[in-house]
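Q: Can you read through this structure? Questions will come right after.
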Amino acid sequence: TWGSLDARPLPAWFDEAKFGVFIHWGVFSVPSFGSEWFWWYWQKEKREPYVKFMQANYPPGFSYEDFGPLFTAEFFDPDQWADILKASGAKYVVLTSKHHEGFTLWGSKYSWNWNAVDVGPKRDLVAELATSVRNRTDLRFGLYHSLFEWFNPLFLEDATNIFKTRKFPTSKSLPELYEIVTKYQPEIIWSDGDGNAPDTYWNSTGFLAWLYNDSPVRDTVVTNDRWGVGSICRHGGFYTCSDRYNPGHLLPHKWENCMTIDRSSWGYRRDAQLHDYLTIEDLVKQLVETVSCGGNLLMNIGPTHDGRIAVVFEERLRQVGAWLSINGGAIYGTKPWRAQNDTVTPDVWYTFSPKEGRVNAIFLSWPLSGTLELGEPQAKLGETQVKLVGYEEPLKWLALGEKGILIALPQLTPKQLPCQWGWTLQLTDVN
């Protein structure tokens, strides 16, 4: 039952990790136009830009399936991907093992001739990335899996029968889930795409009961909340609630903000412009806000059909990693503090480091005055200490009545700043 499944404690590693990287890769990476929903927008909704794109660039009668052999991955170097992931400071990675198009990135025996071993790369992409991530990094390896498939005849037949028949989940979706867990032992199962069908159609509770009790990853695996209509934000492991979910306040249940560096798409887009990509300032802000409010950030990149992580994605990931190499103590393993953000100065977010008994105040803009006023901390004369992470000397401060503290920041040249996009103050012995 959901009652018993939801009572399972979330393995502690997930909350401590705080930051992961999402990878959307599949046949949709071949047209790499508009969105990873290319097939649906072109064939089902017949959206004009997609129809025109196909008319202008492909012969009449060209089908979506014809993109399969063009998904070649000739530049895919899983070791290089693993090194970029490690450099990002992420603690876990989630790869799309199968998106709504139904193409599996492993040689699934339930996806005949529509998988990466039979068609296209002729390689088990899931196995290769899993091996490299496990050999070269300490990241946890996770897999995204879409329950439904837009144009699978068995799914469409079940849908016509208002899901009274269950041909598709019993012959395709569920066997695939058992297959990837047994074969690759992912520590995150990121489910998606309920196809407007209830969890009883998918037998989600049956699968999760096996996953939590009998699977090879039963002790460490975490799951999300997308297991059928009505389960999102209510059932499963951590909550995602919606794409790009960032509530800005504390939630009572562990949650994750899955978002994309490309504002408009999860898959790679050849037509993306520079302003479509979030800046490093945007990304640090997302990370800090999310972690302050008790969430994890899952930051998405979309590789190319030939297996490259575009340079702009690599740069953003390495920048986040550089920021975390200095400020990670205010992110990893932290808990939400009694206040999430400051009441007096905007763009200041708090986390709490339980082991050190330390409050971290992360401020995203350096004040012109050279002093930072914080309305939340209650300082104790002669006891409270304030440090700027990456700077040696303790900082001078002044208590402001019952509550609040005025901190004198050091006068530093741009080269002397510990980092460029957000700074951490460590406050010890504050109420």
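Q: Label region 335-428 by shape, choosing from rounded, prolate and oblate, from the square roots a ≥ b ≥ c of the eigenvalues of the Cα gyration tensor; if a/c is under 1.5 it is rounded, and otherwise prolate applies when a/b is larger than b/c, oblate when it is not.
A: Numbers: a/c = 1.37, a/b = 1.29, b/c = 1.06.
Rounded shape, in that the Cα axes give a/c under 1.5.
Q: When only the heavy atoms of the protein chains count and the probe is 1.4 Å, how do Thr72, Thr1, Thr182 rank by accessible area, highest first? Each step should come with its number before you reach the end.
A: On the way: Thr72 50, Thr1 115, Thr182 85 Å².
Sorted by accessible area, descending: Thr1, Thr182, Thr72.
Q: I've got another one for you. Pick out, in residue order, every one of the trypsin sites (Lys or Arg not before Pro) in region 294-353 that is DSSP loop and has at most 13 other C-beta atoms within 10 Å; say none if there are none.
A: Details: sites: Arg308, Arg316, Arg318, Arg338; in loops: Arg308, Arg338.
Filter output for region 294-353: Arg338.
Q: In the chain, which Cys residues have no partner Cys with a Cβ closer than 4.7 Å?
A: Result for the chain is Cys258, Cys293, Cys419, no neighbouring Cys Cβ within the cutoff.
Q: For a protection proxy built on the mean count of beta-carbon atoms within 10 angstrom, sort 9-19, 229-239 highest first, please.
A: Values: 9-19: 16.2, 229-239: 19.3.
In decreasing order of mean packing, 9-19, 229-239 become 229-239, 9-19.
Q: Another question, if that's okay. May I ask you to list the GluC sites (Glu not before Pro) in region 278-368 that are in a DSSP loop and have at most 14 other Cβ atoms within 10 Å of their Cβ?
A: Answer by residue number: Glu356.
Q: Round to a whole number: what % of the accessible area of the chain belongs to carbon and sulfur, probe 1.4 Å?
A: On the way: 9290 of 17890 Å².
Answer for the chain is 52 percent, counting heavy atoms of protein chains only.
Q: Scan (i) 4, 13, 18, 15, 10, 7, 5, 4, 3, 3, 3, 3, 3, 3, 3, 2, 1, 0, 0, 0; (ii) 4, 17, 22, 19, 15, 11, 6, 3, 2, 1, 0, 0; (iii) 4, 21, 29, 23, 14, 7, 2, 0 for the value of P(r) over Cα pairs in 10 Å bins from 0, in percent calculated from this model and give just the label.
A: Computing P(r) over Cα pairs in 10 Å bins from 0, in percent and matching it to (i) 4, 13, 18, 15, 10, 7, 5, 4, 3, 3, 3, 3, 3, 3, 3, 2, 1, 0, 0, 0; (ii) 4, 17, 22, 19, 15, 11, 6, 3, 2, 1, 0, 0; (iii) 4, 21, 29, 23, 14, 7, 2, 0 gives (iii).
Q: Can I ask one more? For a Förster distance of 41 Å, can you work out the FRET efficiency between the beta-carbons of Asp214 and His275, rounded to the nearest 0.05?
A: Numbers: r = 49 Å, r/R0 = 1.20.
The formula returns an efficiency of 0.25 here.
Q: Say a paramagnetic label sat at a point 7 Å from the Cα of Trp366, along Cα to Cβ; which residues of region 273-294 have their backbone N under 19 Å from it?
A: So the set is 280-285.
Q: How many percent of DSSP beta bridges within the chain run antiparallel, rounded to 5?
A: Working: 29 of 59 bridges.
Here the antiparallel bridges make up roughly 50 percent for the chain.
Q: Could I ask something else about it? Distance between Cα centroids, region 360-394 to region 46-125: provide it in whole Å.
A: 48 Å
Q: Which of the peptides 44-54, 416-426 is most tightly packed, and how do the rest follow, judged by the mean count of other Cβ atoms within 10 Å per residue? Spell out each step's value before the answer.
A: Details: 44-54: 13.5, 416-426: 18.4.
In descending order of packing, they fall as 416-426, 44-54.
Q: Structure shown: which of Lys44/Lys164; Lys355/Lys387; Lys18/Lys285; Lys254/Lys285 lie over 21 Å apart, alpha-carbon to alpha-carbon? Please list the in-between numbers first.
A: Values: Lys44/Lys164 24 Å; Lys355/Lys387 17 Å; Lys18/Lys285 14 Å; Lys254/Lys285 19 Å.
Cα-Cα > 21 Å for Lys44/Lys164; rest within.
Q: Reachable lysines from Lys183, Cα under 23 Å, same-chain residues fewer than 8 places away excluded?
A: Once the sequence-local lysines are set aside, what remains near Lys183 is Lys91, Lys98, Lys109, Lys122, Lys172.
The values are calculated or read from the model by the stated rules, or taken from the named source; none is laboratory data. All values reported here derive from a predicted model rather than from experimental measurement. We place every Cβ from the backbone using ideal geometry, glycine too, and count neighbours over all the protein chains shown. With ligands, DNA and RNA removed, areas are computed over all heavy atoms of the protein, side chains included. Shrake-Rupley method; radii C 1.70, N 1.55, O 1.52, S 1.80 Å.
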